[in-house]
Structures are given as structure tokens and as C-alpha cells.
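To start, the structure under review is shown below, and the notes come after it.
Since every read-out is calculated from the coordinates, none of them should be taken as a lab result. Note that the coordinates shown come from a computational prediction; the quantities given were computed from them, not determined experimentally. Reconstructed Cβ throughout: ideal geometry from the backbone, glycine too, with neighbour counts over all protein chains shown.
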Amino acid sequence: MAARTSSLSSLAMALLVLSASLAAVDGHKDKKKSHANEDTGKGSGTQLGNNQALPPISSNVQLASYDSTPSLQVLGSVTNITGAHFTFHGFRDALSKAPTAPHNFTVIKASMAEFPALKEQSVSYALLSFPPGSVNPMHTHPRASELLLVVDGALSVGFVDAAGKVYTQDLAAGDMFVFPKGTVHWQYNKGSVPAKALSAFGSAAAGLVSVPATVFGTGIDDDVLAKSFKTDAATVQKLKAALTHHK
């Protein structure tokens, strides 16, 4: 139990490092975008529990103020905001128990969609769980860099830059790896034990574009794909069928 407590303490420190690093990478750009969208976003609200709507945080809400009298102005009918609104419990069970071996790669997200308090905060997380031999397929995040921390086990990771150069690395527990914004990247557990990792993003809504699902799962014509990949339509159909079967 003492060892597990120490591990969680170390994890908490790592989370602080992840947040600070991602703020430096993407925070400045996201802040510019959020200010530009303030005037156009006043009419939409963020959904809370019991179908309540929290109006967008506007420029007069000083959530980042650390003076002796910080203020939080909540517009509209939602006036009972407490610390619970700024708390996310979604990782608790997964991190408080010993690593397990799910049948497939799984991800628990803590983005603005799951954690509305992240709106305009330029940060989000994801908890990744890899059984032996599983892969997080090739994908991109169009709105943020990703900083991955291996918590348990080991992972082989990589990305491809705009010039087509591939960068790969084998990571052990405690190692971090950054995937630059917009690059195609992946993570693979080629070992015999489960692995877990935390990913931090420099955006509350990093976005996800899966390469296999986008190419073979969106109805692109078989002939177009066959010519693009220099193969035949029958092979394309097999790939589409395999992808659909594993959804």
C-alpha cells in the first residue's frame, strides 16, 4: 500500500510537469483562438448534470486570477457552482488499482466534452490502457501537441513529420515522449505485460483523426483507394471489412 501511495504521488508530480510543458507548447495559440471566438460563442452553453447549461466563460471571468480576492462571475441561471464542477473522477478507478489486461486498447478521455470545466483552459488528458500486443492505431490531433507519460509497462511509439521522416522510440515506465501537433503517430505495446500511459494535450479539445477509420471507414470509393495504394478493389474491400469487424 505504501508503494502504491508513493507511485500515485510521483504520478501527481508528473501531471504537473505535463500541464506546464503543454501550456508552453500550445497555450499561447489556444488563448488567441478563444478570444477570437468570444463574440461568436455567447449564445451557446456547456451542458452540466441534470441538463443545466453553463454559459460560456467570457473575458470578465477571472478564473486565472490568484490575487487575494479572486472572483468567479457566473452568468445566467447557474449560480451554485462549487469545487465539484472543477473536479474530474474518471481516472480514479483505473489509477488506484493494479494494472489489468483489457482485451483491446482502451482510452478514457478528460477533454472538454467529458470535463466541461476545461473550456478555454488549453489543457486536457487521456488515460491509455494497452494489453500485450495491442496498438493505438495511427492518428493525428489537429489542434494540439501530445505529451505522453508511460505509467506502467513499456511502449514503442513513433510519428512521421511533414517531410516523411519517421521518428521512433522505445519507452519504459517514467519516460515521456512528445508528438508534435498534427503529425501522424501511434503507440504499440509489443511486450508481454499490460501498459498504461497518460497523455496531456495543449488544448481542451485536441481532436482525433484516425488514419485507418478515415481512409477505409468513410465510404471512399474502392477504385480510388485501390489506385491510391496501388492494389486492387478486392484487397480494399477486405481491409474495409476487417476494420468494420473490429469496431
statement: Ranked output for segments 169-179, 216-226, 144-154 by mean other Cβ atoms within 10 Å, highest leading, reads 144-154, 169-179, 216-226
- prompt: Can you list the HN-Hα couplings for the stretch 197-206, worked out from phi with the Karplus curve (6.51, -1.76, 1.60; θ = phi - 60°), rounded to whole Hz and with x for Gly and Pro?
  reply: 8, 10, 10, 10, 10, x, 7, 6, 9, 5
- prompt: Counting Lys and Arg as +1 and Asp and Glu as -1, what is the net charge of the other residues whose Cβ lies under 13 Å from the Cβ of ALA234?
  reply: -1
Ratio of Rg to Rh over the stretch 119-217 (Cα coordinates, Kirkwood Rh, two decimals): 0.96
statement: XL table LYS119/LYS165; LYS119/LYS196; LYS165/LYS196; LYS119/LYS230; LYS119/LYS240; Cα-Cα > 32 Å flagged, in table order, is LYS119/LYS165; LYS119/LYS230; LYS119/LYS240
R0 of 41 Å, Cβ-Cβ distance ASN104-ASP232: FRET efficiency to nearest 0.05: 0.90
task: Jot down the per residue volume, in cubic angstrom and as a whole number, of the convex hull over the alpha-carbon atoms of the stretch 186-247.
output: 146
